[in-house]
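Visitor: Here it is, the structure, as structure tokens.
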Amino acid sequence: PMPQTGEASMAIELERTLRPEWDFIMRAIRNQILTALVVLLLLAAVTYWINRRFVSKPVQELIDHVDRVADGESLPTAQYQIDEPTQLAQKIEKVADRVSDLKEEAETERQQKRELEHQLRHANRLSSVGTLAAGLIHDLGTPLNVISGRAMMIEGEKEWTEDIQRNAHIIGEQSTRIAAIIRSLLAFARPDEGQ
């Protein structure tokens with residue numbers, strides 16, 4: 001209550017500084033922040049190590065494996081500590097085997113195609129040669145008949161010497177022989193009629 005007039009008033013003022021408590025609170029906050037930072041750094045390091053050991057490294061090995069398979073190498077399936085990369089590696093290996101089989105099949109087909117093309121070119125050349133030979137043989141037939149006929153005439157004439165008649169006989173025999181060869185070649189060159 002308020003002092004009344006003429007009465008003496010007294011008051012006690014107690015003062016205490018809160019500086020030590022304030023310093024204690026600040027240290028506690030600083031320690032909590034530092035502890036949280038250390039825990040976060042440790043968690044980050046452990047997370048990084050686990051990720052590196054169990055995810056990044058196996059995935060990188062898979063990528064390297066796939067690159068080598070893509071370059072045509074046939075590699076054994078890589079083994080990993082966790083199941084998914086192992087399954088993925090096995091699937092990749094299966095695909096690589098199939099790709100290898102397809103490459104071999106394609107190469108075999110290319111070889112067969114080249115062989116068929118070679119045979120076709122050879123058959124075309126033989127056909128062209130056959131056509132040319134048939135024309136040539138046909139054109140040679142008429143002069144050979146003339147030679148053969150003239151040789152028979154000379155051979156049958158009594159006025160020629162025996163030596164000339166003998167040579168005419170040889171010319172006639174050989175031209176007849178050549179004509180027979182020409183006939184057989186023409187028969188061979190004619191296309192067969194299918195039955």
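Visitor: Exactly one of (1) open to solvent by 90 Å² or more (accessible area, probe 1.4 Å); (2) not in a helix (DSSP H, G or I) is unmet by S9. Its number?
Guide: If we test S9 against (1) open to solvent by 90 Å² or more (accessible area, probe 1.4 Å); (2) not in a helix (DSSP H, G or I), just (1) comes out false.
Visitor: Follow-up question, since we're still on this one. Of the residues S56, S74, which is modelled with pLDDT under 95 and in a helix (DSSP H, G or I)?
Guide: When all the criteria are applied, what remains is S56.
Visitor: Right, here's the next one. Taking into account only those residues within the range 130-164 that are open to solvent by less than 40 Å² (accessible area, probe 1.4 Å) and either touching a residue at least 24 places away in the same chain (Cβ under 8 Å) or touching a helix residue (DSSP H, G or I) at 6+ places or on another chain (Cβ under 8 Å) (or both), which is farthest from F188 (Cα to Cα)? Break it down into steps so the answer makes sense when it comes.
Guide: Taking the range 130-164 as the starting set, the residues that turn out to be open to solvent by less than 40 Å² (accessible area, probe 1.4 Å) are 130, 133-135, 137, 141, 144, 148-149, 151.
If we keep only those that are either touching a residue at least 24 places away in the same chain (Cβ under 8 Å) or touching a helix residue (DSSP H, G or I) at 6+ places or on another chain (Cβ under 8 Å) (or both) as well, we get 130, 133-134, 137, 141, 144, 148, 151.
On the way: G130: 9, A133: 11, A134: 9, I137: 12, G141: 15, L144: 19, S148: 23, A151: 28 Å.
The extreme case among them is A151.
Visitor: Residue under question is A189, and the condition is that it be farther than 30 Å from N124 by Cβ and either surrounded by 11 or more Cβ atoms within 10 Å (Cβ to Cβ) or at pLDDT 85 or above (or both); does it hold? Don't jump to the end; show me each part of the working.
Guide: Values: farther than 30 Å from N124 by Cβ: no; either surrounded by 11 or more Cβ atoms within 10 Å (Cβ to Cβ) or at pLDDT 85 or above (or both): yes.
It is false that A189 is farther than 30 Å from N124 by Cβ and either surrounded by 11 or more Cβ atoms within 10 Å (Cβ to Cβ) or at pLDDT 85 or above (or both).
The values are calculated or read from the model by the stated rules, or taken from the named source; none is laboratory data. Note that this is a predicted model, so its numbers are computed, not measured. Ideal geometry is used to build each Cβ from the backbone, glycine not excepted, and the neighbour counts take in all protein chains shown. Note: accessible area is taken over every heavy atom of the protein model, side chains too, but ligands, DNA and RNA are not part of it. Shrake-Rupley method; radii C 1.70, N 1.55, O 1.52, S 1.80 Å.
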